[in-house]
Amino acid sequence: MANTNRAEVRTAIHSRIRRKVKGSTERPRLAIYRSLKHISAQVIDDRVGQTLVSASSTEKDLRSASGGNLDAARRIGQAIAERALAKGIEQVVFDRGGYLYHGRIKALTDAARAAGLNKNEVVAEPEAAEEPAAEVAEPKEKKSKKKKQE
C-alpha cells in the first residue's frame, strides 16, 4: 500500500534527490524549504557541511504581509542571488527539496537566475499574451443520438 503521509513522501523524494545532487566548493547547493507561510533558501557547501549564504521570508528586511506567496519567493530568490554573488558564488546546483518544480519553487529559482546566478542557464521569460486568430471556425453541429419524435 502506498504511503499517504505527505511529509514522509516528500522526505523520501528529498533523500532520492540528495543522492544525486551534491554541492561542492566550486558549485554549492541551493537548497529550498517551503512551508505554508514562509519560504527560505540556503547555499550550502556539502564537502565542508557549512551554510555559506541564506535568505528567508522571516527576515526583517525581506518580510511582508505574506511570506508564502509568489512575490515573497521572487524576493527571496533575488536576495539569495545578490548575497551569493557578493560572496563570489556564481554557479550553484538547485535542490528543490522534494517539492514539485512549479509555483513558488519555480519563481524563486527564476528570480535567482535573473539576478545573476547560473548565467549560462536560460531564464524563463514571461509568456506574452497570444493574439486571437483573425477567423474563428464555426463549431460543428452535434448530431443527436436520439431519434426525433414526430
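No lab work stands behind these numbers, since they all come straight from the coordinates. Everything numeric here is computed off the predicted structure, so don't read it as measured data. Please note: Cβ atoms are built from the backbone with ideal geometry, for glycine as well, and neighbour counts cover all protein chains shown.
Here are some notes:
- Extending 7 Å from Cα along the Cβ direction at A86 and again at Y101 yields two label points whose distance is 2.9 nm.
- Applying 0.36 nm per residue to the separation of N120 and L36 and subtracting their alpha-carbon distance, the gain on full extension is 27.1 nm.
- Distance histogram in 10 Å bins (all Cα pairs of the range 1-50, percent per bin): 22, 43, 27, 8, 0
- Selection from S35, L85, T51 lying farthest towards where the dipole of the range 13-114 points positive, charges on Cβ: S35
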